[in-house]
Structure formats: C-alpha cells, structure tokens
Amino acid sequence: MLGLLLGLGIAFLLERLDRRIREPKDLEAVYGLPLLGVVPESAALSRSGKSKKGTGEVLPAGEAEAFHLIRAHLRYFNVDRELRTLLVASAAPGDGKTTVARHLASAAARMGSRVLLLEADLRRPTLAQQLDIQSGPGVSDVLIGAESLSEATQMIDLDQSSGDKSRGRTLDVLVAGAALPPNPGELIESHAMESLLEQAKAKYDLVVIDTPPLTAVSDAFPLLRKVDGVIIVGRVGRNRRDVAQRLHETLTGAGAPLLGVVANGFKQGRRGGYGSYGYAYDYATSGTGPTAGTGATADASAEGSAPTGAFPNGAVSSDAPVPTRQA
C-alpha cells in the first residue's frame, strides 16, 4: 500500500512539473485564442511530401479534411474584414508551421481560389525541397530587385488530387531563394517587402506566409502588423506552456491580428475523446464521409461558379464546429 501511494505521489508530482501542452484545449487556453483545427500525427504529414516534380501531394482523406476544417473556420473572420494575407507562425522549430501553411494554401487553391504560398524564412528555407521545385529565384531576389514577383513565382499543379473538383487547379509558390542573404531581418523589414505584399494582395485571393519560428529569430515580427491575420501552430506534447505564454504576451503587445491556434501532432489514439474534431477525422477516414476537396467543409457554391475569395462569406457547413474563445 505504501509503495502504491508513493508511486501515485511521484506520478502526480511529475504531472505537475511537466510544463508541456498535452491537449489541443490546453493550447487554446494558453494563447486565449479560438482553436481553428487539429492536425493529427500522421506518417503522411511527417514525410518530406515529395511527389512528381511540379505537382501537388495527395493526402489521405482524414489529414486532408483537417486542413479543410481550418479553412472553414477562417471564413468566420472574413465577415467584417477582408482576409487576404495570412501569416502562419509557431513558437519553436519543428512545430509544423510549414506543413500547415503548405497544406492550408493547397486546400484553398483546390477550392478555386488564387493562392500564393510565400516563404519568408530566409534563414532555413525548406519549401523548395519539400515540393521538389527550384530553390530560386525567390523572395530575396524580388526584394533586391533582381526579379519581379511574376518571374520568381513557380506553379504547382494540383491535378494529382483525388476527385474531379480540383481539376485544373494550381498553387503558386514563391520560395525564399537559392542564395541566402546575410541580412534576412533587414530584408523582411524593408519597404520592398511591404511592396511585395501589396503586389501579391492585388494578384491573389489569398497569400499564405510561412515564417521562421518566432522565439528563435525576430525576422517575422515586422510582418505581424502588415498582414490581415496571424495563426499560431503548436505541437501537442512538445510545446511548453511558459514559452507559449511569453509568446502570446509578445504578440499581443505587438498588436498582431491574432486569429486562432492550430494543434499539430495530435495522436490519433486520443481523437475519440476530443469532441467534434475527433469526429471529423473519424468521419473522413471511414470511407463513407467526405474526401479531400469535396468534404463537409467545402464551399456551398456549386462546381463551376466563380470563386469569391479564399474564405468566401456565406453559409458554412454545420459539420464544421464554430471556433470559440476560452473564457
């Protein structure tokens, strides 16, 4: 009996000392922001994602539906303002912000929106390798005036996706650039970067910006007030509460237009206990539910109608839970 009590006491103490964020709801509470979606831990997402050169990657139905849910939730923020530039950030390396940015951009493009995926991590860029496209020219070349936006942009063919709805759909990508600049922070903060964002907003329905980790370098901070919205990606079971709390205080103080959080790396064994998010994943992987691009979170408009933006206003499927803010 004494050994049992001692074991329980040690387990309780370890639990109290563990500062990691364990559940998606914990991430939501720490940041004080709505939970936009839960991305499951998945071998398909862990891989580099290389497919046939110049084509999009096809995700399993459950993983694809996770990003359609995030996209559906972002539509609620497009009521009183236009959401055209979206910055995807994280506290630390390895949280999955690039994965979320990439597949969220693809999800919007598959629904007919004109989307640009812009890589603003000029220190450790990875998009060119992940997408198996050229590493340059890119953002750095545009910022120094060596290339124009249209000349540096590469197109990804999304025709490889399942279903007919995405036939003919493409995603434009602007990678960081082949030559890494010695002054990435200054380039991101320059007027040239502001001009690049304005050009992109004029040409695309949505610009998704991938950034370096906010607690590692300060490069992305000048962009926080130049975009329409910011979402924070956190890895469940890895992010520390104290780091997340400090980051939230910093972002709030900087006046960043925070929209919500995305919980990444949620273990599938727990999903049944996490309400409608677990249900959405189960439903999409059951073989009877919606598949990527045609799921419950797809646009209400019929195929062939003109897109009204990446996050069009109007009815949203009842299958997509409304993001709520913690009290």
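The values are calculated or read from the model by the stated rules, or taken from the named source; none is laboratory data. All of these numbers come straight from a predicted model, not from anything done at the bench. Virtual Cβ from ideal backbone geometry, glycine too; neighbours counted across all protein chains shown.
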Note to self: Quick test for you: out of Val227, Val207, pick the one residue that is within 30 Å of Gly112 (Cβ to Cβ), among the hydrophobic types (A, V, I, L, M, F, W, C) and not in a loop (DSSP other than H, G, I, E, B).
What the structure shows: Val207
Check: Ser135: surrounded by fewer than 19 Cβ atoms within 10 Å (Cβ to Cβ) and out of contact with any Ser or Thr (no Cβ under 7 Å at 6 or more places or on another chain), yes or no?
Finding: yes
Margin query: Could you go through the stretch 144-152 and let me know if any residue there is on the phi < 0 side of the Ramachandran plot, of a type outside the set (Gly, Ala, Ser), surrounded by 16 or more Cβ atoms within 10 Å (Cβ to Cβ) and touching a Pro at 6+ places or on another chain (Cβ under 9 Å).
Written below: yes
Next item on the list: Please indicate, with yes or no, whether at least one residue in the stretch 246-258 is touching a Pro at 6+ places or on another chain (Cβ under 6 Å) and modelled with pLDDT of 90 or more.
Entry: no
Check: Within the stretch 205-217, is even one residue under 20 Å from Val100 (Cα atoms), surrounded by fewer than 24 Cβ atoms within 10 Å (Cβ to Cβ) and at pLDDT 95 or above?
Finding: yes
Margin query: Among the residues in the stretch 179-187, are any under 22 Å from the mean Cα position of the chain (by Cα) and either of a type in the set (A, V, I, L, M) or assigned to a strand (DSSP E or B) (or both)?
Written below: no
Check: Of all residues in the stretch 155-168, which are at pLDDT 90 or above and surrounded by 19 or more Cβ atoms within 10 Å (Cβ to Cβ)?
Finding: Ile156
Next item on the list: Need at least 1 residues that are within 27 Å of Asn239 (Cβ to Cβ) and more than 12 Å from the chain's Cα centre (by Cα) per element, so show me which strands (runs of 3 or more DSSP E) inside the stretch 61-172 make the cut, counting only ones lying wholly within it.
Entry: 85-90, 115-119
Check: Only one of (1) farther than 23 Å from Gly185 by Cβ; (2) of a type outside the set (Ser, Thr, Tyr); (3) at pLDDT 95 or above; (4) touching a helix residue (DSSP H, G or I) at 6+ places or on another chain (Cβ under 6 Å) fails for Arg114. Which number is that?
Finding: (4)
